[in-house]
Amino acid sequence: MKKTMYEKIWDSHRVVDVEGQAPLIYVDRHLMHEVTSPQAFEGLRLSNRKVRNPHSILATMDHCVPTKNRELPIADPIARKQIEVMAENCLENGLNLYDMKSPNNGVIHVVVPEHGFVHPGMVVVCGDSHTATHGAFGALAFGIGTSEVEHVMATQTLPQQKSKTMLIQVNGKLSKYASAKDVALAIVGKIGTAGGNGHVIEYAGDAIKELSMEGRMTLCNMAIEAGARAGLVAPDEKTYSYLKGREFAPKGENWDLAMAYWQSLPSDADAVFDTIIILDAADIAPQVSWGTSPEQVIGVDGCVPAPESFENEGKRKACESALAYMGLTPNTKITDIPVDLVFIGSCTNGRIEDFRIAAEVAKGTTVAKGVTAIAVPGSYHVKKQAEDEGLDKIFIDAGWEWRDPGCSMCLAMNGDELTKGQRSASTSNRNFEGRQGKGGRTHLVSPAMAAAAAAAGHFVDIRNL
Amino acid sequence: MDPYKKHDSIAALMNRNNVDTDQIIPKQFLKKVERSGFGAHLFHDWRFNDDGSDNAEFELNKPAFKGAHILVAGDNFGCGSSREHAPWAIADYGFNTIISTSYADIFYNNCFKNGILAIIVDSSQLDTLMAEINANEGVRFTVDLENQQVTTPAGNDFTFEIDPFRKGNLLSGLDDIGLTLKHVDKITAYEAQHKQTYPWLWA
Ligand code: SF4
């Protein structure tokens, strides 16, 4: 039978089918951070259970960590507690932890690929919805809840229902200033935040093959925003050369064994998908979200829509309330929307390539009056690489703050946040009400678009720069 | 986990679509390291005014909905982040049943793991239930999981589908890990084979 990549991975990880139950799936890699794990460790302790395979786990601290003045104690006592508990739990269970002081520290989904911890064909889980990021390597990677974190620690398996498959094919070539982020946003705009519910998406087509590994990570990262369980890109030469030589990548003859397996993974030519969506890359303009859901997004050359423009009543109501929250009037040109704060970072766009592109736009500019612009590398490795390339200078000279790594303004748990009514251009992945601070207004964009908005004080069509 | 029994309770109405987990439990409450106590913060940003007093405009603050165990909600409930704090908060607040047309996948899974029955109805059924609550705030519905049936005073009764595995676990209150560990021999055998097929993963 012809199989999709998802089906191949699924079949090879089925441990047991039990009559009337969801099949148990084997988990190869388990990623962890400080927010969704403490109660799982608490559960293990209470039930006297042990971590089955400590080597399958890599942990970091990212959500609550400060991005400046790291040498000082964390001001928020609860965040401090969470960090301490994470360190104790990892020590007690013999887990590999990149703590706040480690040169390997950073946002989990940035750190893990840097160390080659995820390979094609693996099943990867994390108590974090953006785990889909690792689908860029052709691994089945998905977010789980805290009780599942406990389940995986205790059993190395998860009961899982099989998902449906969706192929999203992006044909043609992206224009110079349309990035993976714009593709991701355009897809959510097209199929909606529930469009992928119950599915695993495989991204394919020329425009996807052309993307760098960083770009593929950005794309898969936002599969969850389209409601999908996971996103996948077939491994190819780019994948292999990215992995080669990294700390946890296979070595010596194991490399050849692994390669043979990896090359067997891509979907068979005639494999059948439950749903197929086709996009033309040439149609994708740089995107800006205007509402409080990632599906409320439009090309930068567009205008804020009017509620009446939606036929569906739910969408009309959602538009009305989003505009009220966002303080926007219908038919305002996107390029006339001013910004107060610009954030480049997160597991969506906190990798070296993102800072290179943003620096190219920021070079020789000055942050507009009244605007705060912060650049938060996704990891210390990204930070160091950027500094070696002199990118930090470009940002600092342009008036940006250059921070230490962490989730930072992506979800504003660490003290970096918007105040009520403030408006951001943000390279993160969610624009929900209050995501970046209570009453804060988030517009999701690519790194280049964010850098251009910082200099102009409003959104800019970077294709005209 | 407490076994899910037949319930008769006030049904509270939240007529909003796409209620996301950032609203269910805003992130400022995620820093706790325990499992309990999240109910006090459920829907915090909607539920309370800036000065901490109850926001009278917010639907769940209506006196008629106090003590409700059933939540009737709009489409795509629980979208957004995977935080399990969302179902913890919902359960801790007192809800054990949600009725909606659809849920985000992760949230849906998490509900069952925390003893919450998430019922799926079609949109016309949902409209009927919402209309019944609107006409009679404080109305009580009966949920019978064993027979997969909901009954209402106005007679808008319906049966619902549920995965038999999930149903069994809710009824027995059995913990998932215990169930899986019944198959520990199979896991060990799979692992032994896995080491041979994918030696690089174990190097
Ligand atoms: S950067 Fe944002 S989306 Fe990514 S793990 Fe951190 S909080 Fe989650």
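Determine, at each q value in 0.20, 0.22 (inverse angstroms), the log₁₀ of I(q)/I(0) that the Debye formula gives when each Cα of the stretch A:99-219 is one equal point scatterer.
With no solvent term, the Cα-only Debye profile gives -1.27, -1.43.
Quick check: pseudo-label points 7 Å beyond the Cα along Cα→Cβ at residue B:147 and residue B:61, how many nm apart are they?
The modelled label-to-label distance comes out at 4.0 nm.
Which of the peptides A:56-67, B:175-186 is most tightly packed, and how do the rest follow, going by the mean number of other Cβ atoms within 10 Å of each residue?
Numbers: A:56-67: 25.0, B:175-186: 16.1.
So the order, starting with the most tightly packed, is A:56-67, B:175-186.
Given Cβ point charges of +1 (Lys, Arg) and -1 (Asp, Glu) and nothing else, what value in debye, to the nearest 20, does the dipole of chain B about its Cα centre take? Walk me through the numbers on the way to the answer.
On the way: 18 positive and 28 negative charges, 136 e Å.
Dipole size: approximately 660 debye.
How many partner chain Cβ atoms sit within 10 Å of a residue's Cβ in peptide A:438-448, on average, as a whole number? Mind dumping the intermediate values first?
On the way: counts 5, 2, 0, 0, 0, 0, 0, 0, 0, 0, 0.
The per-residue average across the peptide is 1.
Using the alpha-carbon centroid of each, what span in Å lies between the stretch B:131-149 and the stretch A:353-409?
The stretch B:131-149 and the stretch A:353-409 have Cα centres spaced 55 Å from each other.
Grab the Cα-Cα distance for residue A:254 and residue A:87, subtract it from 0.36 nm times how many residues apart they are, and report the gain in nm with one decimal. Spell out each step's value before the answer.
Numbers: separation 167, 0.36 × 167 = 60.12 nm, distance 3.25 nm.
Result: 56.9 nm gained on full extension.
Using Cβ contacts closer than 10 Å as the measure, can you line up B:19, A:367 from fewest to most?
On the way: B:19 24, A:367 21.
Exposure proxy ranking, most exposed first: A:367, B:19.
What is the helix-to-structure angle for B:184-197, meaning the angle in degrees between its Cα long axis and the longest Cα principal axis of chain B, kept from 0 to 90 and rounded to the nearest 10?
Rounded to the nearest ten degrees, it is 60.
From zero outward in steps of 5 Å, how is the percent of C-alpha pairs of the stretch A:317-398 spread across the bins?
That works out to 3, 13, 20, 18, 14, 12, 10, 7, 3, 0, in percent per bin.
For chain A, what does the helix formula give at 222 nm: sum of -39500 (n - 2.57) over DSSP H segments with n ≥ 4, over the residue count, nearest 500 deg cm²/dmol? Write out the running numbers ahead of the final one.
Details: 16 runs with 150 residues, N = 465.
Computed ellipticity for chain A at 222 nm equals -9000 deg cm²/dmol.
Could you tell me what percent of the DSSP beta bridges with both partners in chain A are antiparallel, to the nearest 5? Write down the numbers at each step before the final one.
Numbers: 11 of 53 bridges.
Within chain A, antiparallel bridges account for around 20 percent of the total.
Give me Rg over Rh for the stretch A:21-143, both radii from the alpha carbons and Rh done the Kirkwood way, two decimal places. The partial results should precede the final answer.
Details: Rg = 14.8 Å, Rh = 15.2 Å.
So for the stretch A:21-143, dividing Rg by the Kirkwood Rh gives 0.97.
Give me log10 I(q)/I(0) at q = 0.29 Å⁻¹ for the stretch A:131-176, Debye formula, one equal scatterer per alpha-carbon, no solvent.
Cα-only, vacuum Debye calculation for the stretch A:131-176: -1.19.
Exposure proxy check: B:27, B:167, A:369 ranked by fewest other beta carbons within 10 Å?
On the way: B:27 22, B:167 18, A:369 7.
Going from sparsest to densest Cβ surroundings: A:369, B:167, B:27.
Ranked highest first by the average count of other Cβ atoms within 10 Å around their residues, in what order do A:98-106, A:2-10 fall? Spell out each step's value before the answer.
Details: A:98-106: 18.4, A:2-10: 20.0.
Per-residue mean Cβ counts within 10 Å order the peptides as A:2-10, A:98-106.
Using helices alone, what [θ] at 222 nm do you get for chain B, with -39,500 (n - 2.57) per DSSP H run of 4 or more residues, divided over all residues and rounded to the nearest 500?
On the way: 8 runs with 68 residues, N = 203.
Rounded to the nearest 500, the figure is -9000 deg cm²/dmol.
Give a quick list of trypsin sites (Lys or Arg not before Pro) in the stretch A:375-437 that DSSP marks as loop, anything other than H, G, I, E or B, with at most 15 other Cβ atoms within 10 Å. Don't jump to the answer; show the numbers that get you there.
Numbers: sites: A:383, A:384, A:393, A:403, A:420, A:423, A:430, A:435; in loops: A:403, A:420, A:430, A:435.
Of the trypsin sites (Lys or Arg not before Pro), the ones in loops of the stretch A:375-437 whose Cβ has at most 15 other Cβ atoms within 10 Å are A:420.
Set the Förster distance to 45 Å, then compute FRET efficiency between residue B:158 and residue A:360 from the Cβ-Cβ distance, nearest 0.05. Walk me through the intermediate numbers first.
Values: r = 58 Å, r/R0 = 1.29.
E(calc), rounded to 0.05, equals 0.20.
Show me, for the stretch A:343-354, the HN-Hα J-couplings you get by feeding each phi into the Karplus relation (A = 6.51, B = -1.76, C = 1.60, θ = phi - 60°), rounded to Hz, glycine and proline as x.
Taking θ as phi minus 60°, the curve returns 10, 10, x, 5, 6, 7, 9, x, 9, 4, 4, 5 Hz for the stretch A:343-354.
To the nearest 0.05, how large is the calculated FRET efficiency for residue A:388 and residue A:71 if R₀ is 22 Å and r is the Cβ-Cβ distance?
FRET efficiency, residue A:388 to residue A:71: 0.45.
Which one, B:193, B:23, B:149, has the greatest fluctuation when you compute a Gaussian network model over chain B with C-alpha springs under 10 angstrom?
Greatest mean-square fluctuation among the candidates belongs to B:193.
Please work out the ratio of the alpha-carbon Rg of the stretch A:1-58 to 2.2 N^0.38 Å and round it to two decimals. Each step should come with its number before you reach the end.
Working: Rg = 15.2 Å, N = 58, 2.2 N^0.38 = 10.3 Å.
Normalised Rg, Cα atoms only: 1.47.
In a solvent-free Debye calculation with one equal scatterer on each Cα, what is log10 I(q)/I(0) for the stretch B:84-179 at q = 0.22 Å⁻¹, listed in the order of the q values?
-1.25
Starting from the Cα gyration tensor of the stretch B:1-61, multiply each eigenvalue by 5, take the square root, and state the resulting semi-axes largest first in whole Å. Intermediate values should be presented prior to the final figure.
Details: eigenvalues 94, 70, 28 Å².
Largest first, the stretch B:1-61 gives 22, 19, 12 Å.
Subtract the Cα-Cα distance of residue B:186 and residue B:120 from 0.36 nm times their separation in residues, and report this length gain in nm to one decimal.
Values: separation 66, 0.36 × 66 = 23.76 nm, distance 3.38 nm.
Additional length available on full extension: 20.4 nm.
Using alpha carbons only, how many angstrom separate the centre of the stretch A:205-250 from the centre of the stretch A:445-461?
Between the Cα centre of the stretch A:205-250 and that of the stretch A:445-461, the gap is 26 Å.
Please list, short to long, the whole-number percent of alpha-carbon pairs of chain B in consecutive 10 angstrom bins beginning at zero.
Bins of 10 Å from zero give 8, 32, 32, 16, 7, 4, 0 percent of pairs.
Mind listing P(r) for the stretch A:267-313? All alpha-carbon pairs, 10 Å bins, whole percents.
19, 35, 27, 16, 3
Sort A:19, A:202 so the one with the fewest other Cβ atoms within 10 Å of its own Cβ comes first. Please list the in-between numbers first.
Working: A:19 6, A:202 27.
Taking fewest neighbouring Cβ atoms as first place, the list is A:19, A:202.
Taking the convex hull of the alpha carbon atoms in chain A, what volume per residue do you get, in Å³? Numbers along the way, then the final one.
Working: hull volume 69.5 nm³, N = 465.
Expressed per residue, the convex hull around the Cα atoms of chain A is 149 Å³.
Highest first, please rank the peptides A:132-142, B:34-44, B:67-77 by the mean number of other Cβ atoms sitting within 10 Å of their residues.
Values: A:132-142: 30.3, B:34-44: 16.9, B:67-77: 21.9.
Highest mean packing first, the order is A:132-142, B:67-77, B:34-44.
Please tell me which of these pairs span more than 30 angstrom C-alpha to C-alpha: A:438/B:62; A:317/A:420; B:66/B:167; A:181/A:393; A:333/B:31; A:315/A:420? Please list the in-between numbers first.
On the way: A:438/B:62 23 Å; A:317/A:420 23 Å; B:66/B:167 27 Å; A:181/A:393 25 Å; A:333/B:31 39 Å; A:315/A:420 25 Å.
In this structure, A:333/B:31 lie more than 30 Å apart at Cα.
Could you work out, residue by residue across B:79-90, how many beta carbons of other chains sit within 10 Å of that residue's beta carbon, and then give the average as an integer? Numbers along the way, then the final one.
Working: counts 9, 9, 11, 15, 8, 10, 5, 1, 3, 4, 0, 0.
Partner Cβ neighbours, averaged per residue: 6.
How large is ³J(HN,Hα), in whole Hz, for each residue of the stretch B:55-68 in order, when computed from phi with the Karplus curve 6.51 cos²θ - 1.76 cosθ + 1.60 and θ = phi - 60°, using x for Gly and Pro?
Result, rounded to whole Hz: 7, 5, 6, 7, 4, 6, 7, 4, x, 5, 9, 5, x, 5.
Quantify how strongly other chains surround peptide A:190-198 by giving the mean number of their Cβ atoms within 10 Å of each of its Cβ atoms. Numbers along the way, then the final one.
Working: counts 0, 0, 2, 6, 9, 0, 1, 7, 3.
Averaged over the peptide's residues, the number is 3.
Any chance you could run the full-extension gain for residue A:241 through residue A:212? It's 0.36 nm times the residue separation minus the Cα-Cα distance, nm to one decimal.
Numbers: separation 29, 0.36 × 29 = 10.44 nm, distance 1.11 nm.
Answer, rounded to one decimal: 9.3 nm.
Going by Cα centres, the stretch A:262-332 and the stretch A:98-156 are how many Å apart?
With the stretch A:262-332 and the stretch A:98-156 each reduced to a Cα centre, they are spaced 27 Å.
Under the Karplus relation 6.51 cos²θ - 1.76 cosθ + 1.60, θ = phi - 60°, what is the ordered set of whole-Hz ³J(HN,Hα) values for the stretch B:157-164, x standing for Gly and Pro?
6, 7, 9, 10, 8, 7, 4, x
Bear in mind that the values in this text are calculations on the coordinates, not laboratory data. Given the structure is predicted, the values throughout are model-derived calculations rather than measurements. Heads up, the Cβs are rebuilt from the backbone with ideal geometry, glycines too, and the neighbour counts pull from every protein chain shown.
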